[in-house]
Every structure is written in C-alpha cells, then in structure tokens.
Amino acid sequence: MTVVGFDFGTTNSLISVVRGKGTINYLDDEQRPIPSVVCYEGKQTIVGREARERLSHSGLGVQGNIVRSPKLFLGRDGVFIEGVERSPVDIVADVVRHVLHEARASRRGQDLGQISGAVVTIPVDMEGYKRRALRDAFRLAGLNIKQFVHEPLSALYGYFRTADLQAMLRRYDRKLILVFDWGGGTLDLTLCRTLGRRIVQIMNDGTEEVGGDVFDESIMNSLIKKVCTLRGIESTVTMYSRAKARLLNRCERAKMDLSARARSQVYVGSFFKGIDDEDFDYSLNQEELEKIVAPLIDKGFKRIESVLKNAGFDPEQVALCLATGGMSNMPAIRRRLHEWFGPERVQVPESTATIIAEGAAWIASDEAGLQMAKNIELTLARNSYLPLVKVGTEMPREGEVQSATFHLYCTDPRDGVAKFQICEPRSTSEKVLPNEPRIHLSNLTVKVDRMARPFHERLELDIRIDDDLILEAHARSLNARDQDRQEIHNLEFGLAFPCKEDVDEHQKDSFGIDTLVKEQSSTGTLSIRANLADRENLRLIPGECLYEYDPRYFDTRHRPPDYQVHEMLYYQPCAKCGRASNDPLCICVSQIPGARPVVGTPSELEEM
Amino acid sequence: MLKRDSLTPPEGRKPDEVRETGKDSLVNTQEPQHGQKEKEKESPDADKEVRLRASKDGSKGSKQGKPQSLADLIRAIYTRKRLSLNLSQSDKRLIRSRPKLEPEECDRLLQLAISDKTLERTRDLMLLIMEFSDTPSVAKQLHEFSRNVLRRHPAFSSRSLAEILGNHPDGGNEDYAVRALTSQNFTSLPWPEETAALKKKKSQQCQVNALYCFLLWLKENKGVSLEWILSQLQSRVWGPLARHHRTDSAILKALMNTLDTTGVAVMFSVLEKKVADCNQQMEDARIAQEQAANRAKDLEVHLNRLMKQLDTAKDQLEVLSENIVNTKRSHENEMAHMRNDHETLKGRVLRCLREELLLLDEGLQALRRDPPKVHVMLDHAERVIDGLKREVNRIKGDN
C-alpha cells in the first residue's frame, strides 16, 4: 500500500511517490505535470493538457466552458459554467480522478502499487472549510487524504530530503528561510525557520496577480500592440479563432527560449483576419521581454519585501532563499534574487516543477507530521493567557481528532455574559512572554447567572481539532445552560522532521492544563487547585467538585464551611421543581414556612 | 507363615476334624492348642522321606507291614489310620521292582480312595510321587492313579476342572482353574447319594487339600513354576492366615509354635532368595537409572547444543530472508527508477522533438508565404538546432 504525494496546484497537478532512495514523478508523456484545467463540452469532460490547449487567455477561474484552477472555487456552493451549475467539489474530483488515471495508465503505473492515501499540498491561505471540501473531492475521486501540508513547507522538505537532511538541519538550524513558489498561476511566499527538527512558518503571503500566465498574457498583449503599431493595423482588427491561444503558446515558448538566447522570433501564421499579411511576426529580444515583464517582477518582489518587512526582517537575515516554480528559471527573476540575497543563499532546485510533489511524497514516506506552530490561548485577564493548545502539539491525521476540555469559573457575571477570547501570539517561540503581542482569533460568549457570585458558576470550554485542521471551540455555562460554538480555520502549523530518538513524549499530548491535572490525579491524590497550595487542603477545593469526590465531607457533623456548602448546592437543581438554582422562576423555597434562600445576590452572600 | 497343623489335624484328633475357619480363607486361622502341638515332632530328615502322619502308635504299624509293591503303598496310604510311613531305600527298591498296577487292583484302590473325602491321603500320595522321580514307571502309575482319584472327587466335577485334569486341549488356563476350584462351596459338593456331605470344618480342610492336590498335579503335568504355586498359596492359603498376625508377639508366637520348621525354613529361604533377587533387581535398576540419567543429561546437553545451532541457523535464515526481501525490494526500486529514468529521457526527447518539429513546421509555413519569410525560418531553424544541441548535450551528460 502506497501513500503518494499529491501536489494539487493552481495550474498543474502531479503525483509523486518515494521508491527506495528517490522519488518517481508521474508526469505526462512529455514530462510535464498535468494542468489543473477542466473543459465541459456537452456530456464530455476534458481534463488536463487537452483542456489547457483550448485556453486563449491567462487568468484563473472560468473561461467559457473551461475551468482553470478549480480548487479556487472550493467552499462555494456552485459554479456556473455556460449556464450549468456545477459543484466545485465535483470539478476538483474530475481533476483528481484524471491525475490518478494518468498516473496509473502510464508506463510507470506498475510501480505505483495500490494507493492507500495521499499527502496533499495546499496553499498557505487555504481555509478550513476549503480543506474540508478538498477532502470531500478527493474522497469522491477514490483517494483518502492522509494529511495536508502547506506547499512551501513541502517544497522545503523535498529540498532538504533530496540533499543531506541532517547536514541541512544543522546548517539552517534556527535560521530564516524564504520559500517562494512562483508558478504559472500564483506567487506564494513563506518565511519560515527551522527549530530543532521542526520547520515553523513565520509569515505567509500569496498573490495571483503575478503568475506565469499573467506574464505570458502581458507579453502577448504587448506584442500585439507593438505589431499593430509597427504595421499600422487598427486595434479593432479581428483575429482568427484560437489565434490568440496559439500566440499565447508562442509567447510562453519565447519567454523560455530567451532564458538562453538573445532574440526569438514570435510567429503565428493566419493571425489577423481581413488584411494582406495575416501572419503575426515579431522578433522579441531579451531586453524587450524584461522591459515588458519588469512591472510584474517588481510587483512580485514588492510582495517579498512586504513579507520580510511585516515579519521584521531584512533580506540580509535570510539564510536560504528557496525558489521553486517555473518562473524561478527566468533570468530576470533569478538575477534580482541574486541581487537581494546573494547567489550563495539563493537555491533553485533542478526540479522546480516537481519539488512540491516530491516533498509531499517524502513526507508521506517519512510519516512526518504537522505540529502546532504557535500556542492557542485563552485570554484570562490582562497579560494572562491560558494555553489551550500548546506549540508543538501534533495535528491529527486522517480520521483522528484531538480534543480537550477546560473547566473555568465565571469571574464577573454582572452583565450576565461570559466571554471567551481565543488568541495566538505573534511569535512562534515555544516560550512566549505574557506581554508579547497577540493575534485575536475568535470570541465566544455564553449567558451566565448574573445573580451568582464571582468564581461561582462553572464554565466549560471544549477544544477540538479535526483532521481538516479546523479548530472548533465549544463554550458552555453549566448553570445558565447556554452554549456557543466557533470554528477557527487559519491555524498555523509547522512540519516536524521524523526522528524517533527525538520524539518528545511531553509534546505528544500537550493539550493545556487538563493534562497536568490528569497526570497528577494518577498518583491518587486530589490535586484540584494544586496551583494554590503545596499541600492538600480540602477547604481550598470548590464545593461542587469536593462533593463529587467525597460527599461525606458535607455531613453537618463535620461542619463544612458555608461557602463550600453554597458552592455545592449551587449546582443541585431544585428538589421540588427541578429548576437550576438562582432560577428566578423557582419560588419553592419561599413556600417553605420559616425558610430563607441559601443563595442570593453577591452582596447578600457577602453579608452572610 | 503357613502352619503345618492347619493342613493336617493334630494328634489325638480325628482326621476329619478341622478348626473353625475365617469366611474368606481356605484354612483355619486360629492357633493350635499348646498341648496338642507339643505331641507333634518334626522329623530331622523330612526332605528325604515322606512321613505319613497317623496315630500315636503309627511307628508300630510300619514295622509290621512294609509295602512290598506299588499297590501296597497306595493301600497303605489310604488304609493305615495311625501310621507314619517312612520309606527307606530298600522299600523304594521293592516298589520299583514291582511297579505294575493291575486294572482290577487299581479299581479296588480307587474304591478305597473314595473314603478320602478330604483328599488328605491323596495329597500325601501326590507328595510321595516326587520320591519316585527317578523311576518314571512308578511315578507315572502313581500320577495316573492320583489323577483318577481327583477326577472322581466331587470337588473336581466342574467341566473346566475336568478338562484340565483330562489334559483337554480346550482346557482353560491355570489361574482360571484354580479360581474355579477354590470358589466352590465345599459344604455342598455333589457327593453320591449314599455319601454324607462334609461338615464345615471338614469342607475347609477338603478345600485346602484339593488346592494342594491340584497345584501338585499342575506342577507335574503343566510344568507351572514354583513361583506361581507359591503365589497361589500365598494368595489363597497363607495370606489370609498371616492377616491375623500383625504384632511382633503374634508373629513370634506363630513361628515358635509351628510344627513344620522345615516348611518355614524352605519358605524363608525362598523368600530370602526372592529378596536377594529383588535387591539385585533394585541395584540393577538403580544402575540402569543412573545410566539413563547420565544419558538423559548428555542428551540434554546435546539437545541444548542443537537448539543453539537451530537458533543460530534460524537467525541466519531470518537475516538471509531479510536480505532477500531487501535485495528484492532494492531490485524492484532500482527497476522502477530505471524505468522512470527511461520514461523521463523518452518524454524529454519526445517533447524536444515535438517542439522543434513545431518550429520547423512553422518556419516552413513562413517560407511558403508569398513573399517567403526567410527570417522566420532562419530563426526557427537556429532555435531548433540550439534545442537539439542542448538535448544532445543533456543526453551525453546523462550518459
């Protein structure tokens, strides 16, 4: 059973698998990845290169009956293609199915074996609900997703793994690495750092404005304009059908050829309609090309500059710039990278088009897992945070769920609402100072008993992370019986390099404070509020908890403190009407002659 | 130890009188009275002669009529009531000289033997046969006579016993015959009508004597071993007697009071021999056990050595199997990568050729234009050449 690496890219898709000490990439018969393009013609579905050759414009999305980069539509209810509404999940499933079919049908197919699942690469900014939809699409195509991994991390892992992993880890330990994937559709930037055996992302950015196809289209438009100007042809001149598609293809070819040549003739026969010389003929040189694409390159490098600036680093601090994607081979881009980072720090892998898929295949083979890159915290008070999910926590794989429950008390119930603020620190460090800035992630609110004293009503917060890497927070108030749910989709993950001796059991299960309570309880002693006392003192324990532990403690002959009795009774429903305590509708106590309520307003209770 | 007085009645008592016996034994298990025992004396040369006990004045009678022939001997045995018959060598010689027993005489003697209801005299006769082992003719006559006596006795009237005595080929085995004989109720034997049945004590005496006679007959005719006879006597006669002598005083009393010291001595020597045999067997067994233990130890050491060798061989096999699996996997991986390299090369060349072909095609189209666009063809041809050169260099580099 094989777990494959699946690079489901914006423009191209590719399967890669590790065999022995190397990877095998399932490219097409011309050694090119399979375009993520689907064309719907009547009942016929055309996927891959054949569909891509029908494109006459760059840009992602729907062009007539062609869908380019269908994964961008994931999360939407439907996409209209020539008036027909189609599910994005189905469209993605068509691409996945085609890629699988191509891989199996190729001569290398016999080495693929039976596929049990895939490690699938995703863009950094792909949100949780899109990941969920992507999982559905893969399942529809008959492939289970074992694990998601971000594309830049996969590329870096593939690069490290292809070279000497240990040497790379030693060389770049705690150093800054910039990974950018400048492909046909998008430019994805990731600033990351290796911490021991973990790669942690610091900052991510991405844009569709400067993809390779935009370059091609820009070149094409520029050349058309130049030819029309040179030959005195009006801009309104009509062109033959598919002529632009052919010209786009020639422009792409010229762009590649000009990496090695000074000049390239862009020629398309029968291009213009209704003029003497119908052919498109232009001699493009490298200077002109660079002049045409300079604004796009500037735009791309501005994104890089912006990422570094936002993260608070200079290009000099970057120890490695790993450039992947087809555009990395463009001399102008490579030259600019060398100017910024120096030639020694810029690495352009030979297999730029396949390195992401190869990285995913290595991750699948090594069973490298995702880890939480930052703490997920609950704001308790000013500069006081409770870690809900600790940095380094392993993320669940296919079919797994990580969960934890936190028991809290409402500190101020006067407004009748308990508020949960979930945040994460900006820093990826394992030890984050309380005064470091935090990024707000989500808020939850639940109604509480406004009549209760502070620290009286218990609140519960369930944290759950599923295999789609979506964090779900579920807050409940136990007396007011209110609840709220929120999902957090943009968690930040790191990738852990596998190394058995370095597996830190402590980090395996580092879900918040309950773990500590669980470990201490195993010795057989009651350790609730253990942070408040260094020895067992039953009077420090909340009454309702103590009642569950030892009901005999509340025997009146032992004279338990009133506050503990009140805490215990607070969670007991009315024996007569069954309502919760402090429920204003419960008037049962008042009907008992000579009786007075045990609990009341905080001020009343203080007087008691 | 069997007491002599249990087999024959003591002096001063009638021959048919026997003491009260236990329910499950063939013999009386009570002690004889002291006065009676004192009167009995053992002959010092008992192994050489047969003493036929009779009355107190038996010695007188023997002097008066010594047996001159075999018939006289038999008659004397069955008729002399108070006679202790000692056969000297001259007597034996006389009997050997006249061993013939005429049929009429034999019939008369058989009639005479009918009176021996308890078979006491027949038992004496059968013991006497052994004295004539060196004279087969006499022994044969006596043996035939005693067999006829036994066959006429009602104790041997059952079919199985009759077949044994008649040397019938379908006769049962000896154990079965002895059991059949001793399990009969001797108080109700099928006597002829004119003959009275035996009383209880007599019947017990008859039962013991019948067993003795039968065992003697089996020894002579079937060649049963002495051990077997002794085991039968032990189980059916002596054992039940010894049951009542458990204390040291009882055992000593029984031994001191026994009349037949020769019998005790014989039995003791037999048992001594048996014990010696058993000891020898035990010693042999101990030596055999030691040898077996040593052998087992050696085998265990050998087995352990073999097990270690087996473990080593298994480990080696495991390593080899693992190596085979690894080699196979490595080979498969190598094959896969070779296939991949081949496909990569093929795909790259194919792509190059297609692209260059497209350029040439495009260039050719440009040449066919009017006017021909030679510069396009030149450019495309140059690019094709560059592309092909690049590919050739890559292939060379790959190699």
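The values are calculated or read from the model by the stated rules, or taken from the named source; none is laboratory data. These numbers come from a predicted model, not from an experiment. Using ideal geometry, Cβ is built from the backbone for each residue, glycine included, and neighbour counts are taken over all protein chains shown.
Against the numbered list (1) within 11 Å of chain A (Cβ to nearest Cβ); (2) farther than 30 Å from A:Arg250 by Cβ, B:Asp386 comes up short only at (2).
Here's the yes/no breakdown for (1) at the interface with another protein chain (Cβ under 10 Å from one of its Cβ atoms); (2) under 37 Å from the mean Cα position of the chain (by Cα):
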site: A:Val227; (1), (2): no, no
site: A:Val237; (1), (2): no, no
site: A:Arg250; (1), (2): yes, yes
site: A:Ala260; (1), (2): yes, no
site: A:Gly269; (1), (2): yes, no
site: A:Lys273; (1), (2): no, no
site: A:Glu288; (1), (2): no, no
site: A:Ala294; (1), (2): no, yes
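Scan region A:75-109 for residues that are at pLDDT below 90 and crowded, with 22+ Cβ neighbours inside 10 Å and jot them down. Hit for region A:75-109 is A:Arg108, nothing else.
Yes/no per residue for (1) out of contact with any strand residue (DSSP E or B) (no Cβ under 8 Å at 6 or more places or on another chain); (2) more than 30 Å from A:Asp277 (Cβ to Cβ); (3) in a helix (DSSP H, G or I); (4) within 11 Å of chain A (Cβ to nearest Cβ):
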| residue | (1), (2), (3), (4) |
| --- | --- |
| B:Ala292 | yes, yes, yes, no |
| B:His331 | yes, yes, yes, yes |
| B:His342 | yes, yes, yes, yes |
| B:Leu358 | yes, no, yes, yes |
| B:Asp361 | yes, no, yes, yes |
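Any residue at all in region A:294-305 that's in contact with a strand residue (DSSP E or B) (Cβ under 7 Å, 6 or more places away or on another chain), closer than 22 Å to B:Arg368 by Cα and surrounded by 21 or more Cβ atoms within 10 Å (Cβ to Cβ)? Full working, then the answer.
Within region A:294-305, the first condition is being in contact with a strand residue (DSSP E or B) (Cβ under 7 Å, 6 or more places away or on another chain), and the residues that meet it are A:300, A:303-304.
After this cut, where a residue has to be closer than 22 Å to B:Arg368 by Cα as well, the list is none.
No, the conditions are met nowhere in region A:294-305.
Counting only residues that are within 14 Å of chain B (Cβ to nearest Cβ) and among the charged types (D, E, K, R), which one in region A:105-125 is nearest to B:Glu332 (Cα to Cα)?
Keep residues of region A:105-125 that are within 14 Å of chain B (Cβ to nearest Cβ), which gives A:105-113.
Those still in the list that are among the charged types (D, E, K, R) too: A:107-108, A:111.
Details: A:Arg107: 15, A:Arg108: 12, A:Asp111: 8 Å.
Top of the filtered list is A:Asp111.
The requirement of being surrounded by 11 or more Cβ atoms within 10 Å (Cβ to Cβ), at the interface with another protein chain (Cβ under 8 Å from one of its Cβ atoms) and in a helix (DSSP H, G or I) is fulfilled nowhere in region B:308-325; no residue meets it. Scanning region A:142-160 for residues that are over 15 Å from A:Asp7 (Cβ atoms) and either among the polar types (S, T, N, Q) or surrounded by fewer than 22 Cβ atoms within 10 Å (Cβ to Cβ) (or both) yields A:Gly142, A:Asn144. Screening B:Ala196 against (1) modelled with pLDDT under 85; (2) over 19 Å from B:Ser158 (Cβ atoms); (3) surrounded by 14 or more Cβ atoms within 10 Å (Cβ to Cβ) leaves a single unmet condition, (3).
When A:Leu134 is tested against (1) at pLDDT 90 or above; (2) within 29 Å of A:Ala323 (Cβ to Cβ); (3) not in a helix (DSSP H, G or I), only condition (3) is not met. Of the residues making up region A:239-249, one or more are modelled with pLDDT under 85, within 25 Å of B:Leu364 (Cα to Cα) and part of a loop (DSSP other than H, G, I, E, B).
Consider region B:363-382 and keep the residues that are more than 8 Å from every other protein chain (Cβ to nearest Cβ) and among the hydrophobic types (A, V, I, L, M, F, W, C). The one that is farthest from A:Asp111 (Cα to Cα) is B:Val374. Residues that are in a loop (DSSP other than H, G, I, E, B) and within 22 Å of A:Met372 (Cβ to Cβ) within region A:451-502 comprise A:Asp466, A:Asp467, A:Asp468, A:Leu469, A:Ile470, A:His489, A:Asn490, A:Leu491, A:Glu492, A:Phe497, A:Pro498, A:Cys499, listed in sequence order. Selection within region A:395-423: residues that are more than 24 Å from A:Ser477 (Cα to Cα) and crowded, with 18+ Cβ neighbours inside 10 Å. The member of this set that is nearest to the chain's Cα centre (by Cα) is A:Met395.
A quick yes/no check of all residues on (1) within 22 Å of A:Glu151 (Cα to Cα); (2) outside the structural domain of A:Val149 (by TED's automatic domain parsing); (3) assigned to a strand (DSSP E or B):
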position	(1), (2), (3)
A:Leu308	yes, no, no
A:Leu320	yes, no, yes
A:Ala323	yes, no, yes
A:Met327	yes, no, no
A:Leu337	yes, no, no
A:Pro343	no, no, no
A:Pro349	yes, no, no
A:Thr352	yes, no, no
A:Glu358	yes, no, no
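Applying the condition of being among the polar types (S, T, N, Q) and not in a strand (DSSP E or B) to region A:58-72 and asking which residue is modelled with the highest pLDDT yields A:Asn65.
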